[in-house]
1. Identify which of the listed values of Rg/Rh (Cα atoms, Kirkwood Rh) was calculated from the structure shown: (i) 0.97; (ii) 0.94; (iii) 1.02.
2. For Cα pairs less than 8 Å apart in space and 6+ apart in sequence, what is the mean separation divided by the residue count of the chain, i.e. the relative contact order in percent?
3. Per residue, how much accessible surface does the chain expose to a 1.4 Å probe? Answer in Å², no decimals.
4. Per-residue ellipticity at 222 nm for the chain, helices alone: DSSP H runs ≥ 4 residues times -39500 (n - 2.57), over residue total, nearest 500 deg cm²/dmol?
5. Go ahead and set up a Gaussian network model of the chain, Cα springs under 10 Å, then flag whichever of I145, I36, I83 fluctuates most.
6. Pulled fully out, how much extra length does the chain show between Q136 and K40, if you take 0.36 nm times their separation in residues and subtract their Cα-Cα distance?
7. Pairs of lysines 8 or more apart, or on different chains, with alpha carbons under 24 Å: count those in segment 39-186, would you?
8. Order of 57-70, 125-138 by packing, highest average Cβ count within 10 Å first?
Amino acid sequence: MSFHDQSILPAVRKMRDFETLLNSKYTYIVLLDTHIGQLKSVIKEGNRAGKKILLHADLVQGLRNDEHGAEFLCQEVKPAGLISTRSSVLSVAKRRGILSVQRLFMLDSMALDTSYSMVRNTKPDCVEVLPGIIPQVFEELHEQIKVPIFAGGFIRSVEDVEAALRGGAAAVTTSKKELWRHFQPN
């Protein structure tokens, strides 16, 4: 299983890493820790290079993470998708025809049960599960929610990526450049 032929979704924290990825074979890139003032130009640059940017809406500095902020992102910035823990942000993305990725934190079995109802209510296109090193939960989660799962957080090695993919993750989000290089699409 992969997400549009990508087993890795590179997660960018620094703009110099983004610039490096513009020349890579990756199509989908996750953008973390950005500032509102640089968003439009970054997305435009990504689009010119044929990249589809999944923007982590919760981590945009200078922007309130609510429906109004999501409307601004969808109308003015126009990423390929929004990642958020907030259902209201994802509802706006879905209404605007932008890929919606629900970020879920799996702390214990109660969080897992809560996640089922959250995903059923929000109906995101995909979910990102953190930490990504719990592949034994992915298959069960996928059976319950029926959307692609991204594994993220604490992914440190090739073995971690492979375990997540074997467990049913469609892709792994990671900021580890050595994993980007290892799993770069053909």
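The values are calculated or read from the model by the stated rules, or taken from the named source; none is laboratory data. Predicted, not measured: the structure shown is a model, and the values here were computed from it. All Cβ positions, glycine included, derive from the backbone under ideal geometry; neighbour counts span all protein chains shown. What goes into the accessible areas is simple: the full protein's heavy atoms, side chains included, and nothing from ligands, DNA or RNA. Shrake-Rupley method; radii C 1.70, N 1.55, O 1.52, S 1.80 Å.
1. Comparing each candidate, only (ii) matches the computed number.
2. 23 percent
3. 49 Å²
4. -11000 deg cm²/dmol
5. Highest fluctuation of the listed residues: I36.
6. My answer for the length gained is 30.7 nm.
7. Counting lysine pairs in segment 39-186 gives 23.
8. Highest to lowest by the protection proxy: 125-138, 57-70.
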